[in-house]
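Student: Dumping the structure here so I can ask a few things about it.
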Amino acid sequence: MDTDQGKGRNDGRDETEAERADRRWQEVIQEIRVVQTGVQILLGFLLTVVFTPHFQRLSQTDKTIYVVTVVLGSLATCALIGPVALHRIVSGRRIKPRAVAWASRLTFTGILLLLATLTSALLLVLRVALDDSYVPWLVAGVLAWYLLCWFALPLWVRFRYTSGD
């Protein structure tokens with residue numbers, strides 16, 4: 001494909017840089033839709049916990065884990081809503097390829113923060129529910145599963161089925 005005619009790199013698609021940016025923007029938005037609702041529901045639930053009678057009986061360690069979890073959930077929500085604000089602010093400025101790159105970075109950051117939020121929330125819930133020494137092992141096992149599904153498998157597929165160019 002001739003890059004002098006405004007076409008993107010040869011990836012099997014016949015699209016201009018603008019068309020590619022439009023497609024990639026739609027892909028990022030779809031990815032955000034998958035995680036955004038879940039993280040917002042999780043954060044909403046976490047925000048109500050502090051107002052329950054049981055919260056006052058938690059140990060200081062569990063309250064600290066709770067605060068960390070709420071902050072992580074808030075940061076994840078922010079990062080996952082960030083691409084929408086970014087798009088709104090830069091829309092019409094003819095920088096969509098750069099906006100897509102930044103939206104993608106924010107989305108990935110949001111996913112990392114969601115991973116931390118889910119892990120922290122699981123730790124808190126299992127500590128309160130079980131109060132046993134094997135809770136860290138359960139949390140580590142679930143974290144390993146997240147890492148496998150969200151990062152190891154996609155990276156393996158990426159390196160296994162794509163060329164180095």
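Student: Ignoring ligands, DNA and RNA, what percent of the 1.4 Å accessible area of the chain is carbon and sulfur?
Tutor: Carbon and sulfur atoms account for 62 percent of the accessible area of the chain.
Student: What distance in nm separates the two pseudo spin-label positions at R98 and V125, each 7 Å out from Cα along the beta-carbon direction?
Tutor: Computed distance between label sites R98 and V125 equals 4.2 nm.
Student: Okay, moving on. Viscosity 1.306 mPa s, temperature 10 °C: give me the Stokes-Einstein translational D for the chain in µm²/s, with Rh taken as the Kirkwood radius over C-alpha pairs.
Tutor: Stokes-Einstein gives a translational diffusion coefficient of 86 µm²/s.
Student: Do the sum for the chain: with -39,500 (n - 2.57) for every DSSP H run of n ≥ 4, divided by all residues, what is the mean residue ellipticity at 222 nm, to the nearest 500 deg cm²/dmol?
Tutor: -26000 deg cm²/dmol
Student: Using 0.36 nm per residue of separation minus the Cα-Cα distance, give me the extension gain between L153 and V90 in nm, one decimal.
Tutor: Extra length from L153 to V90 when fully extended: 19.3 nm.
Student: Test of the criteria: in region 39-120, which trypsin sites (Lys or Arg not before Pro) are in a DSSP loop and have at most 11 other Cβ atoms within 10 angstrom of their Cβ?
Tutor: Counting only loop positions with at most 11 other Cβ atoms within 10 Å, the trypsin sites (Lys or Arg not before Pro) in region 39-120 are R57, R93, R94.
Student: Of the residues Q60, Q30, Q40, which exhibits the maximal mean-square fluctuation in a Gaussian network model of the chain defined by a 10 Å Cα contact cut-off?
Tutor: Q60
Student: Once you place label points 7 Å from the Cα toward the Cβ at S163 and W137, how far apart are they in nm?
Tutor: Label-label distance for S163 and W137, simple model: 4.9 nm.
Student: Here is a further query. Please get the size of the charge dipole for the chain, origin at its Cα centre, with Cβ charges of +1 on Lys and Arg and -1 on Asp and Glu, quoted in debye to the nearest 20.
Tutor: For this selection, approximately 360 debye.
Student: Accessible area, 1.4 Å probe, largest first: how do S59, S120 sort?
Tutor: Greatest to least solvent exposure: S59, S120.
Student: Enter the accessible area of I89 (Å², nearest 10), with the probe set to 1.4 Å and all protein chains included.
Tutor: Using a 1.4 Å probe on the heavy atoms, I get roughly 130 Å².
Student: Separate question: With a probe of 1.4 Å, find how much accessible area the chain has per residue, and write the answer as a whole number in Å².
Tutor: Heavy-atom SASA per residue in the chain reads 67 Å².
Student: Starting from the residue with the highest accessible area, list T162, T117 in decreasing order, probe 1.4 Å.
Tutor: Sorted descending by solvent-accessible area, the residues read T162, T117.
The values are calculated or read from the model by the stated rules, or taken from the named source; none is laboratory data. No experiment lies behind these values; they were computed from the predicted model shown. Counting neighbours? That spans all protein chains shown, and the Cβs are built from the backbone with ideal geometry, glycine included. The protein model used for the area step is the full one, side chains on, heavy atoms only, and it has no ligands, DNA or RNA in it. Shrake-Rupley method; radii C 1.70, N 1.55, O 1.52, S 1.80 Å.
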